[in-house]
1. Would segment 1-73 count as rounded, prolate or oblate if I go by the C-alpha gyration tensor, calling it rounded below 1.5 in a/c and otherwise prolate when a/b exceeds b/c, oblate otherwise?
2. Could you order LYS260, LYS113, LYS286 so the one with the most accessible surface comes first? Probe is 1.4 Å.
3. Once a ≥ b ≥ c are taken as the square roots of the eigenvalues of the Cα gyration tensor of the chain, is the result rounded (a/c under 1.5), prolate (a/b larger than b/c) or oblate (a/b not larger than b/c)?
4. Just want to confirm a number: the relative contact order over segment 221-319, from Cα pairs under 8 angstrom separated by 6+ residues, in percent.
5. Might you work out the accessible area of ARG152 for me, using a 1.4 Å probe with all protein chains in place, and round it to the nearest 10 Å²?
6. State the percentage of accessible surface on the chain attributable to carbon and sulfur atoms; use a 1.4 Å probe and exclude ligands, DNA and RNA.
7. What are the residues whose amide H is under 5 Å from the amide H of SER21, where those residues sit 5 or more places off or on another chain and H is modelled from the backbone?
8. What whole-number distance in Å separates the alpha-carbon centres of segment 50-72 and segment 172-209?
Amino acid sequence: MSDLTVILDRKELVVRMESKSIRVDRPDGHFERIPLGMVARVILVGSPMVSCDVWRALADQNIPAVLLPSRGGGVSAHMGAGLFATITTRIAQHLAAHDDKYSLSIGQWLLDKKLAAQEGVVRKLKNGNSELESICTQIKSCRKGLRKADSRNSLMGHEGAAASAYFTALAKILPEKWNFHGRNRRPPRDPVNALLSLSYVISQGEVRRFILQRGLDPALGFLHASQSGRESLALDILEPLRPEVDWFVLHLLDSSLNLKHFTTNDQDGCLLNKKGRNVFFKAWAKWQEPDGENKRTQKSMAENFVRDLIAFFPQLDTI
């Protein structure tokens with residue numbers, strides 16, 4: 001089976017099912033058929049015309065779809081299948097989420113993985129820079145603090161301190177022209193934050209796929225508090241994946257994207273323009289593919305984190 005990313009980035013497109021293929025009709029009269037079995041994910045920008053049978057087919061095959069607004073002020077949405085598997089796993093998840101001991105252990109594990117990956121990114125960038133070496137030491141200290149934390153608030157305090165140091169490191173190594181001074185969003189005020197926000201949203205769809213596949217409740221997390229309309233567990237699992245996404249974004253700057261690929265206004269902040277989106281999505285699709293040297297992909301990492309999370313849950317026959 002292929003690992004194809006389907007990008008629908010023009011409002012004039014008409015998309016429907018034709019037998020077991022997705023048919024995409026273009027305004028110039030040309031069309032393309034994409035066998036459903038080759039599709040790994042769908043990314044839709046704006047408002048192409050997509051028929052209901054496409055959404056049903058994607059849900060039936062548990063193929064994630066991320067719906068992105070054409071402008072920065074809109075809300076992104078994730079489409080996918082309903083809950084899979086039996087209710088047993090969800091019962092164990094709810095029991096763990098309401099037990100301070102289990103919740104703390106899971107939170108420590110997730111954040112330790114995230115901070116270790118953040119330290120790894122900074123180490124790859126430091127190139128003898130003593131300031132970055134000091135930041136690595138700060139992040140390492142925050143990791144040690146996680147082990148002594150006795151509450152979610154304490155965990156998030158250490159995570160926040162590490163994040164501040166980490167993004168300070170990125171600001172130090174990025175050229176001034178990118179105007180990156182730390183993390184900001186809603187709307188993003190510079191190209192780097194625009195890329196980070198977009199990449200995180202798409203990554204959340206990949207995480208969500210495996211959460212549903214394993215029968216978990218996406219709204220019930222261990223680090224992110226329950227909140228109406230928020231998939232807290234998907235955000236939890238996304239945490240240790242963020243540094244990998246950051247590394248992808250850093251490699252795009254100058255190598256594939258430049259300032260001409262972005263537009264800025266007061267209402268929407270900084271956004272990729274149409275040419276920029278084309279470059280970004282092609283790079284994203286390529287990044288998702290395993291290569292000969294590295295079989296680890298974001299998809300496999302997300303699947304492994306969800307699997308390892310379940311191993312923390314209490315065994316129902318011992319309760």
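1. Verdict is oblate for segment 1-73.
2. The ordering from most to least exposed comes out as LYS260, LYS286, LYS113.
3. Oblate, since a/c reaches 1.5 and b/c is not below a/b.
4. Across segment 221-319, relative contact order equals 19 percent.
5. Its heavy atoms expose roughly 100 Å² to the probe.
6. Ligands and nucleic acids excluded, carbon and sulfur give 50 percent.
7. Amide H neighbours of SER21: LEU36.
8. Centre-to-centre distance over Cα atoms comes out at 23 Å.
The values are calculated or read from the model by the stated rules, or taken from the named source; none is laboratory data. Because the structure is predicted, anything quoted here is derived from the model rather than measured. Cβ sites come from the backbone with ideal geometry, for glycine too, and all protein chains shown count toward neighbours. SASA here: full protein model, heavy atoms, side chains in, ligands and nucleic acids out. Shrake-Rupley method; radii C 1.70, N 1.55, O 1.52, S 1.80 Å.
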